[in-house]
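Colleague: Got a structure for you, written out below as structure tokens; questions coming shortly.
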Amino acid sequence: MRLAINPATKHRGHRTAGKAHIKMWLTGGRLTTCQEQQRRKEALPCAGLRVALSRLAAGVHTTAVAPLFRGWVTLVWIGAILLPMAAATAGPEIQHWKTANGARVYFVPAPQLPMVDIRVVFDAGGARDGEQPGLAIMTNALLDAGAGELNEEQIAERLESLGAQLGSAALRDMALVSLRTLSDHQYLEPALEILGTLLSQPRFPEEIFQRERKRMLIGLQAEKQSPASIASKAFYRAIYGDHPYASPSNGTVESIQALRREALGKFHKQYYVAANAVIALVGDLSREQAEKLAGRLVARLPAGQAAPELAEVEPLAKAVRETISFPSSQTHILVGQPGMSRTDPDYMALYVGNHILGGSGFGSRIMAEIREKRGLAYSAYSFFMPMRRKGPFQIGLQTRNDKAAEADRVLQETLRKFIEQGPTAAELEAAKKNITGGFPLRIDSNKDILEYIAMIGFYGLPLDYLDTFSQRVEAVSREAIRDAFQRRTDPEKMATIRVGGSG
């Protein structure tokens, strides 16, 4: 793995980690050809790779290859051969315990690859911003701007010298920091030390705080020229009202301008504590090694307290319609309401049902009605985004201004019909095959497994969640889908946002 970091220009979006410009030819155990990477203009040791693989195939011992490069060769060799086999097996066994100061740990051994993936998740997302929208994302973004005795450049240089990859993000529910490193002691230990320092001793330097605030303000100004961003923010305001989920995670121009560096330190002190943390580990570690790693990682964090429970999300009392004028040739339409939580008892029925309604691309009802039959939009979709509390249920499309009214009408009619009648037997059978058939590919790499076990830990899902996923999909009936949609979605109380045209 190869890491290139430009501290002055690195992007920190609220939906992606963006901590570095990563140049890798093996990602998550998936082999990518040199030609494919060159088309993406990414620097690769292609010639060296061919030489090393030739030596490996010829039985030449790879001690002649640089240590990090030997790791790359091992990743390719094992990843290319073993990971496809793993895709056909059951879900990984998840081990769980707590550290001495209260952090919850979820661990999956993966000795096939000489690497370790770490993700530390805190209940410290945008929903904890209070009266300062953007505080959570700013705090998370500046963790590596200087910590302990290291400044931003030193952190970047040391990680690069270790071949380690750092990432972070702040969403509405959570804030996270991730690390990928080789499992060899000489690389793992210093990388772990850096991560522990970032989590426990960030300095939030004033100069970099000002730089990040300026960057965020530029981004917020740019969003005013994006009808998609305008529609999304209006949609969240419409369905969440005064709930913390209504506030944009990246803040507002006013909130970012008013933000002060001291607020970041207070936010970090309150929420970046062991009792508010989940540690996910996947990699070439024994249980004993994993326990020591997790304990060391959060040893310098105070025990603290878990974040207080978020308020419940109230359903919409009536339909909401908002049309926002924007000088564009197309209109963005979003329709929806509060949907479901991650632990919702109707989760599986709504999930499978939505796959049929608008979550499966060209195989969905919405796509068939909007695009295939009428040509009203290139793409149309629906999704549930389960969160700590009820995340959004959203249906969306983009169409010509003169077709907006028709597209809106067809969208609403398609939803009503699905709620009233539910799916056909053929639709349900096809959906189950599609979901269960593709599920192994969703857990076929260490990175995928890491994301799942971090989610399982953060939301308190059962440890056999991955093992039983396909069984629970197969158990969903047409009646269960129709019943869940009739109880949980109300076409008479939807929020509809239209952005575009002349208003």
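Colleague: Any residue at all in the range 274-282 that is under 20 Å from ASP173 (Cβ atoms) and polar (S, T, N, Q)?
Modeller: Looking through the range 274-282, at least one residue is under 20 Å from ASP173 (Cβ atoms) and polar (S, T, N, Q).
Colleague: Is one or more of the residues making up the range 134-143 closer than 23 Å to GLY391 by Cα, in contact (Cβ under 8 Å) with a residue 40 or more places away in the chain and among the hydroxyl-bearing types (Ser, Thr, Tyr)?
Modeller: No, there is no match, as no residue in the range 134-143 is closer than 23 Å to GLY391 by Cα, in contact (Cβ under 8 Å) with a residue 40 or more places away in the chain and among the hydroxyl-bearing types (Ser, Thr, Tyr).
Colleague: Let me spell it out: the conditions are (1) under 21 Å from the mean Cα position of the chain (by Cα); (2) free of Cβ contacts under 8 Å to residues at least 40 places away in the same chain; (3) surrounded by 18 or more Cβ atoms within 10 Å (Cβ to Cβ), and ARG342 meets all of them except one. Which number is the exception?
Modeller: For ARG342, the exception is condition (2).
Colleague: Here's another thing I want to ask about it. Does at least one position in the range 282-294 carry a residue that is hydrophobic (A, V, I, L, M, F, W, C), buried (at least 21 other Cβ atoms within 10 Å of the Cβ) and assigned to a strand (DSSP E or B)?
Modeller: yes
Colleague: Just the residues that are crowded, with 23+ Cβ neighbours inside 10 Å and not in a strand (DSSP E or B), please, taken from the range 95-109.
Modeller: Within the range 95-109, just ALA103 meets the criteria.
Colleague: Taking the range 110-132, which residues are in a strand (DSSP E or B), touching a Gly at 6+ places or on another chain (Cβ under 9 Å) and either closer than 21 Å to PRO308 by Cα or among the β-branched types (Val, Ile, Thr) (or both)?
Modeller: Across the range 110-132, the qualifying residues are VAL116, ILE118, VAL121.
Colleague: To continue, here is another question. Can you find a residue in the range 289-304 that is within 19 Å of ARG388 (Cβ to Cβ) and outside the structural domain of ALA246 (by TED's automatic domain parsing)?
Modeller: yes
Colleague: In addition: Are any of the residues in the range 480-489 outside any helix (DSSP H, G or I), crowded, with 21+ Cβ neighbours inside 10 Å and in contact with a Phe, Trp or Tyr (Cβ under 9 Å, 6 or more places away or on another chain)? Steps first, please.
Modeller: At the first step, the residues of the range 480-489 found to be outside any helix (DSSP H, G or I) are 489.
Narrowing the set further to residues that are crowded, with 21+ Cβ neighbours inside 10 Å leaves 489.
Checking the rest, the ones that are also in contact with a Phe, Trp or Tyr (Cβ under 9 Å, 6 or more places away or on another chain) come to 489.
Scanning the range 480-489, I find at least one residue that is outside any helix (DSSP H, G or I), crowded, with 21+ Cβ neighbours inside 10 Å and in contact with a Phe, Trp or Tyr (Cβ under 9 Å, 6 or more places away or on another chain), so the answer is yes.
Colleague: Looking for something of a type in the set (A, V, I, L, M), outside the structural domain of SER229 (by TED's automatic domain parsing) and not in a helix (DSSP H, G or I) - is there at least one such residue anywhere in the range 466-475? Let's see the steps before the verdict.
Modeller: Looking only at the range 466-475, we keep the residues that are of a type in the set (A, V, I, L, M), and these are 466, 473, 475.
Now narrow it down to the ones that are outside the structural domain of SER229 (by TED's automatic domain parsing): 466, 473, 475.
If we keep only those that are not in a helix (DSSP H, G or I) as well, we get 475.
Checked against the condition, which is being of a type in the set (A, V, I, L, M), outside the structural domain of SER229 (by TED's automatic domain parsing) and not in a helix (DSSP H, G or I), the range 466-475 yields at least one hit.
Colleague: Now for a separate question. Checking HIS332 against (1) in a strand (DSSP E or B); (2) surrounded by fewer than 24 Cβ atoms within 10 Å (Cβ to Cβ): exactly one of these is not met. Which one?
Modeller: Failed condition: (2).
Colleague: Out of (1) under 25 Å from VAL499 (Cα atoms); (2) part of a helix (DSSP H, G or I), what's the single condition that is false for ASN250?
Modeller: All conditions are met except number (2).
Colleague: Out of THR424, THR399, THR414, report the one residue that is over 23 Å from ALA228 (Cα atoms), hydroxyl-bearing (Ser, Thr, Tyr) and either surrounded by fewer than 23 Cβ atoms within 10 Å (Cβ to Cβ) or not assigned by TED's automatic domain parsing to the domain that holds LYS233 (or both). Even if it seems obvious, please write down each step before you answer.
Modeller: Details: THR399 fails: over 23 Å from ALA228 (Cα atoms); THR414 fails: over 23 Å from ALA228 (Cα atoms).
The unique qualifying residue is THR424.
Colleague: Further question on the same structure: Select, from ARG172, ARG128, ARG119, the only residue that is among the basic types (Lys, Arg), under 29 Å from LEU285 (Cα atoms) and either out of contact with any Leu (no Cβ under 6 Å at 6 or more places or on another chain) or in the same structural domain as GLY265 (by TED's automatic domain parsing) (or both).
Modeller: Values: ARG172 fails: under 29 Å from LEU285 (Cα atoms); ARG128 fails: under 29 Å from LEU285 (Cα atoms).
It is ARG119.
Colleague: Given the range 168-240, what helices (runs of 4 or more DSSP H) lie entirely inside it while holding 2 or more residues that are closer than 23 Å to ALA290 by Cα?
Modeller: The helices (runs of 4 or more DSSP H) meeting that bar are 185-200.
Colleague: Next question, about the same structure. Return only the number of the condition from (1) surrounded by fewer than 21 Cβ atoms within 10 Å (Cβ to Cβ); (2) at pLDDT 95 or above that PHE393 does not satisfy.
Modeller: Every listed condition holds for PHE393 apart from (1).
The values are calculated or read from the model by the stated rules, or taken from the named source; none is laboratory data. All of these numbers come straight from a predicted model, not from anything done at the bench. Because the Cβ atoms are built from the backbone with ideal geometry, glycine has one as well, and the counts that use them run over all protein chains shown.
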